[in-house]
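Laboratory data are not the source of any read-out in this text; all were calculated from the coordinates shown. All figures in this text were calculated on a predicted structure; none of them were measured in a lab. All Cβ positions, even for glycine, are placed from backbone atoms using ideal geometry, and neighbour counts span all protein chains on display.
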Amino acid sequence: MNILIPNYYKEFHCIADKCKNSCCIGWEIDIDEKTLDFYENLKTPLGEKIRKSISRDGDAHFILGEGERCPFLESNGLCEIIRNMGEVATCDICRDHPRFRNFYEDFTEMGIGLCCEEVSRVILNFEKPFEMECLGGAEVFETTEEESQMLMLREEVFGILGNRKKSVSQRFNELSEMFAFSLREVFSEEVIKLYLSLERLDEGWTSYLERISIEGDMSFLDKPEFAKAFEQLATYFVFRHFSEGMYDESFRARIKFALSACIVIGAITMTEEDASVDTMADIARRFSSEVEYSEDNMENLLSHF
Ligand code: SF4
């Protein structure tokens, strides 16, 4: 298979028991058919325990325990299934998370999702400009007419965002001009109200949104210590969401979303006592979990933009 990855991809390794916001808490874990079959035929005490922890209500999934923890997440932060049988015994979703894919005719782009605290830390602290690398398969791919057009347009967007000779606000303004909107359209009272109206994963997210002040000049975008983090963040959102614009002509809305996301994350970060890149990475993780990982919320935002 022809696979392309961003140059920061290989920097990511799950930090397992060191993770403060484990993906084994709070998310429903669906069990794929092959793994379900394996669990059904596992003649061990752990196999018995696994079968008792599966709900067949809708797609097969683990019944979460107290505090919405996966029943196999041990108090030391390790996974009981991996500890006993290795990673091969886990569901596809557990092995795959936090990866995502953009599919094309002849190749696939694979990225890592910002809802994971380690991914967020890696991306926002990554120094080198964003580039794609070939993970496997051919070096040259066939593309359809639609894909070529999208990829060319996206390259132009990456070029603007990655131009380190300009300040972040200059780059964001240049991009908004290219897509015929003003930055104020993506960071207004109306937009913050929209974020506030979206469905919640964690009610605590509301208090972060309520701290945002849209007054002021967005000068925080040009704080030099955040320049690379904003660049990587904006590039991530474009890399992840822009290509789908091929199917519904929503390129403009997707650029608006990418810039709005960066400005909202930046504005919240500045309200924190310790407004560092690591703090920004934590806010970006929360934003991603609340917004990006909810299809309804993404649909809602894109239809607004
Ligand atoms: S959120 Fe990321 S670092 Fe934490 S347990 Fe999940 S994959 Fe590992």
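Worth pointing out:
- Put a dot 7 Å past the Cα of residue 296, heading toward its Cβ, do the same for residue 40, and the two dots end up 3.2 nm apart.
- Among the chymotrypsin sites (Phe, Trp or Tyr not before Pro) in region 168-243, none sits in a DSSP loop with a Cβ that has at most 11 other Cβ atoms within 10 Å.
- Nearest-0.05 FRET efficiency for residue 163 and residue 59, computed from C-beta distance (R0 45 Å): 0.50
- Label-zone membership for region 46-79, site residue 28, 7 angstrom Cα→C-beta point, backbone N under 16 Å: 54-65, 68-71
- Nearest-0.05 FRET efficiency for residue 182 and residue 151, computed from C-beta distance (R0 25 Å): 0.40
- Averaging the Cα positions of each part gives two centres, and for region 31-82 and region 231-305 these lie 33 Å apart.
- Since only 220, 42, 276 are under comparison, the one whose Cα sits farthest along the positive direction of the charge dipole of the chain, derived from C-beta charges on Lys, Arg, Asp and Glu, is 276.
- With a simple spin-label model that places each label point 7 Å from the Cα along the Cα-to-Cβ direction, the separation between residue 85 and residue 99 comes to 2.1 nm.
- Nearest-0.05 FRET efficiency for residue 69 and residue 215, computed from C-beta distance (R0 41 Å): 0.50
- This model, with +1 at the C-beta of Lys and Arg and -1 at the C-beta of Asp and Glu, gives the chain a dipole about its Cα centre of some 760 debye.
- Dipole-positive endmost among 257, 287, 124 within the chain (Cβ charges, Cα centre): 124
- Charged-residue dipole, Cβ positions (Lys, Arg, Asp, Glu), region 232-305 about Cα centre, Debye nearest 20: 300 debye
- Loop-located trypsin sites (Lys or Arg not before Pro) across region 162-204 with a Cβ neighbour count of 16 or fewer within 10 Å are 164, 165, 166, 200, with loop assigned by DSSP.
- Normalised by the number of residues in the chain, the mean separation of alpha-carbon contacts (under 8 Å, six or more apart) gives a relative contact order of 21 percent.
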